[in-house]
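Enquirer: Before anything else, here's the structure in question.
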Amino acid sequence: MTEHILVARDLFKSFENPPVTVLQGISLSWSRGESIAVVGPSGCGKSTLLHLLGTLDRPDSGELSIDGCNPLDMDEVDLARFRNNLIGFVFQDHHLLPQYSVIENVLLPIMAFDRIGDEHLVRARSLLDRMGLGHRLDHRPEQLSGGERQRTALARALIKNPAVLLCDEPTGSLDGESARNAADLLLELHREEHTCLVVVTHSPDLARRMDREMTLRGGQLQEAAAAVDP
Ligand code: ADP
Ligand code: MG
């Protein structure tokens, strides 16, 4: 049994157009129950890293192990199922589907591979209740505020109780109070569900609330220097 749910060794990633090497040897070992902030200037590769860890994109080289499996060896079909079972993703701009209601959006990860059962409906409703969206189940995303959309996206990411929850600037588009509410919920659910929570953020407030803070700079990931007591 592996203790670390998420392990990366020496990940490299470049893009060709325009040519840029974004990640230059990323290694990390992260566990369930752990929360990690990834900070760094705009364009330094935070989203690229999250996409690799979420198996939405592939590294040029390096190794990746998630829950003891190697997703880089899987074919598309196996990989889609693996990702669906283990990984929750919250995108910066929520990525809700406009033609579906709130509860349908939350149930999408189930529908991808399964029939909806009563237990799924119960969990979707209970997550949406927790998000303060119990009265919005049949609304469309366009009828929601930014904060409500982001909380819907969080409920969708959590519906399958993922071992790994990856969030790309989850509060980036929200104002102060909505951002704080979303962050409170995120951390509360992370603790209850014992996920490995990875949050890319520009917000020093949010970063400080995670167990660890890592900085991505020059294509490499480093533990942020701990504040030194005077
Ligand atoms: P961050 O999330 O830290 O702001 P990104 O990971 O989005 O940074 O981007 C890192 C760098 O990679 C940027 O220079 C960006 O322009 C480049 N990049 C990202 N995705 C692509 C792509 N699909 N094609 C070409 N360049 C890309
Ligand atoms: Mg980004």
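Enquirer: Could you pull out the residue among LEU28, LEU11, LEU6 that is over 26 Å from PRO141 (Cα atoms), touching a Phe, Trp or Tyr at 6+ places or on another chain (Cβ under 6 Å) and assigned to a strand (DSSP E or B)?
Expert: Exactly one of LEU28, LEU11, LEU6 is over 26 Å from PRO141 (Cα atoms), touching a Phe, Trp or Tyr at 6+ places or on another chain (Cβ under 6 Å) and assigned to a strand (DSSP E or B), namely LEU6.
Enquirer: If ASN17 satisfies every condition in (1) away from ligand 2 (no atom under 16 Å from the Cβ); (2) closer than 19 Å to VAL199 by Cα; (3) open to solvent by 20 Å² or more (accessible area, probe 1.4 Å) but one, which is the exception?
Expert: Exception for ASN17: condition (2).
Enquirer: Follow-up question, since we're still on this one. Which one of these does GLY219 not meet: (1) surrounded by 19 or more Cβ atoms within 10 Å (Cβ to Cβ); (2) at positive phi; (3) more than 16 Å from ligand 1 (Cβ to nearest atom); (4) not β-branched (Val, Ile, Thr)?
Expert: Every condition holds for GLY219 apart from (3).
Enquirer: Then there is this: Tell me whether region 34-42 contains one or more residues that are away from ligand 1 (no atom under 16 Å from the Cβ), at pLDDT 95 or above and open to solvent by 80 Å² or more (accessible area, probe 1.4 Å).
Expert: no
Enquirer: Is it true that some residue in region 70-86 is touching a residue at least 40 places away in the same chain (Cβ under 8 Å), within 16 Å of ligand 1 (Cβ to nearest atom) and buried (at least 20 other Cβ atoms within 10 Å of the Cβ)?
Expert: No; the residues of region 70-86 include none that is touching a residue at least 40 places away in the same chain (Cβ under 8 Å), within 16 Å of ligand 1 (Cβ to nearest atom) and buried (at least 20 other Cβ atoms within 10 Å of the Cβ).
Every residue, every condition in (1) within 11 Å of VAL39 (Cα to Cα); (2) of a type in the set (Asp, Glu); (3) at pLDDT 95 or above, yes or no:
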| residue | (1), (2), (3) |
| --- | --- |
| PRO170 | no, no, no |
| SER173 | no, no, no |
| ASP184 | no, yes, no |
| LEU197 | no, no, yes |
| HIS202 | yes, no, no |
| ASP211 | no, yes, yes |
| GLN220 | no, no, yes |
| ALA224 | yes, no, no |
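Enquirer: Being surrounded by fewer than 21 Cβ atoms within 10 Å (Cβ to Cβ), over 25 Å from TRP30 (Cβ atoms) and out of contact with any Gly (no Cβ under 6 Å at 6 or more places or on another chain) narrows it down to one residue among HIS135, HIS95; which is it?
Expert: HIS135
Enquirer: Can you tell me which of ARG180, ARG140 is open to solvent by 50 Å² or more (accessible area, probe 1.4 Å) and at pLDDT below 95?
Expert: One residue alone meets the criteria, ARG180.
Enquirer: Name every residue in region 183-211 that is touching an Asp or Glu at 6+ places or on another chain (Cβ under 7 Å), open to solvent by 20 Å² or more (accessible area, probe 1.4 Å) and over 14 Å from GLN92 (Cα atoms), in order of residue number.
Expert: ASP211
Enquirer: Something else: Out of the residues in region 34-54 that are assigned to a helix (DSSP H, G or I) and near ligand 2 (Cβ under 9 Å from one of its atoms), which is farthest from LEU189 (Cα to Cα)?
Expert: Top of the filtered list is THR48.
The values are calculated or read from the model by the stated rules, or taken from the named source; none is laboratory data. The shown structure was predicted, so the numbers you read here are calculated from the model rather than taken from an experiment. Here Cβ is always computed from backbone atoms with ideal geometry, including for glycine, and neighbour counts include all displayed protein chains. Side chains included, ligands, DNA and RNA excluded: accessible areas come from the protein's heavy atoms. Shrake-Rupley method; radii C 1.70, N 1.55, O 1.52, S 1.80 Å.
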